[in-house]
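Below is one structure, written out as structure tokens; the observations come after it.
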Amino acid sequence: AVSEAPWANESSAAAAAAAKSLGLPQLDTTATAPGVHEIEGDVACLLAFKRPAWKTACFHLLGICSLGIVYLVAFWSHMFKLRLTHTNCGLADADAVFVELNDKRSAICQVQRILPPGAPPSAEHRFFEFHKVRFLWYSDQHAFRAVPDVPPLLPRMALDAAAAVGEAAAQLSGASAHLHGPACCAESVRTLHALQYGQNVLLVDAPSLVRIFLHDALQPFYVFQYFSVILWAFEDYYLYSGIVLVITMASIIANVWSQYTERKRMSQMAYFVADVQALVANTNRSGRTSVMRLPLSSADLVPGDVIVVAPGKVSCDMLLLSGECVVDETVLTGECVPVRKAAYSPDVDGGSYHPDTLPQVTMFSGTTVLSARGAGVGRSALAMVVRTGFNTSKGRLLRSILFPKQHDLQF
């Protein structure tokens, strides 16, 4: 039987109680914070829509009767399509959500539903993703809220982990040992965090050439060029219209190829999955508890997991609990000099841990661990996962590239 880690007991109880009160897949935003995602302050408008079947049928009928003009206008204006195919409704019944930020960036997001295995229908998990940020439905607040980049209970989890780590690194010199330190967070917390944060993978969509071509070829400027070519052809200016058509198509193809190669390169650069060794607490029949190393894919890591630090690329933001590491942060900072990371100590670093305020004890996603050693000969360095996916430093950098802020320049 797998038992809960000592450092996770109180945090697990608080998280489980919050999840139960909100219908399992919910988050306790009233716990010790950080508890609000930075993107929430930028949301200016949030509209809910439901898609009835009769409206969808009418939309396609109008598109056919207008010889595709309605389809073309709907392609240019997402709000126009939304008004034709959806009706306004409350957030609790929404199938789609229109999100607009203060800088006028907007998108239509489909609401997804997940029912945890064995859970009653009332525990249905509803969310949508906007700019790679997951928004959860909070039934008690009757609102969608962005999942914080770190769990609200993280400061307490860090304190408990630092207090319990003790001799754990020394005990892990073998395959298993007596439990005197941390292990993976409790299964209830892992399930909750998996629903909230998803997989620890940076997936950047790489559209096909055909999709990019259609997207560019149907832009208003090029549609105007097509009508110009047809008009000049009717006036017998065949050579002129042919040259305009060739130049237009050459411009589209060059732009499409450039977008395709750049997006594919970014997708390959962002994606990274590796095998790690997580720690689990195991209790045998005699009641004796030991901590063991469990091979795990980095894609399955969630905040709160404790893993053994090994040289190589870092797949998530981690708090170093024991030992010390030398890390190459060139990818994030541009500095070519390796940085030394020391283990977290509440007495020295304070009790309110956050990865952005204590970088000296945090290893960031995308960086490379050059060397890792525990607090003594033969010991292992341990770290706790604090941020995953697009909430990591590397993920936020990619988000800023994929969804750059719009600036209103006035002269």
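Any read-out appearing in this document is the output of simple, stated calculations on the displayed coordinates, not a laboratory observation. Owing to the predicted nature of the structure, the values given are computational and were not obtained by experimental measurement. We place every Cβ from the backbone using ideal geometry, glycine too, and count neighbours over all the protein chains shown.
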Show me, for segment 137-151, the HN-Hα J-couplings you get by feeding each phi into the Karplus relation (A = 6.51, B = -1.76, C = 1.60, θ = phi - 60°), rounded to Hz, glycine and proline as x. 8, 9, 5, 6, 9, 6, 7, 8, 10, 5, 5, x, 5, 10, x
Checked against the positive end of the charge dipole of segment 209-270 (+1 on Cβ of Lys and Arg, -1 on Cβ of Asp and Glu, about the Cα centre), the farthest of 239, 254, 227 is 254
Of 76, 120, 131, farthest towards positive along the dipole that unit charges on Lys, Arg, Asp, Glu beta carbons give segment 39-146: 76
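Past the 27 Å Cα-Cα mark, which pairs from 81/405; 50/104; 264/313; 341/394; 50/264; 81/394?
Checking Cα-Cα distances, 50/264; 81/394 exceed 27 Å.
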Using the Karplus curve 6.51 cos²θ - 1.76 cosθ + 1.60 with θ = phi - 60°, what ³J(HN,Hα) values do you get for each residue of segment 69-79, in whole Hz, with x for Gly and Pro? 5, 5, 4, 5, 5, 5, 5, 6, 10, 5, 5
Could you give each residue of segment 295-308 its phi-based ³J(HN,Hα) in whole Hz, using Karplus coefficients 6.51, -1.76, 1.60 with θ = phi - 60°, and x for Gly or Pro? x, 8, 6, 4, 5, 9, 6, 10, x, x, 5, 10, 10, 7
By how many nm would the segment from residue 326 to residue 107 grow when fully extended, if each residue of separation counts as 0.36 nm and the alpha-carbon distance is taken off? 74.7 nm
DSSP loop trypsin sites (Lys or Arg not before Pro) in segment 76-167 with at most 12 other Cβ atoms within 10 Å of their Cβ, which ones? 104
Answer in debye to the nearest 20: the dipole magnitude of segment 209-270 about its Cα centre, from +1 Lys/Arg and -1 Asp/Glu charges placed on Cβ, is 460
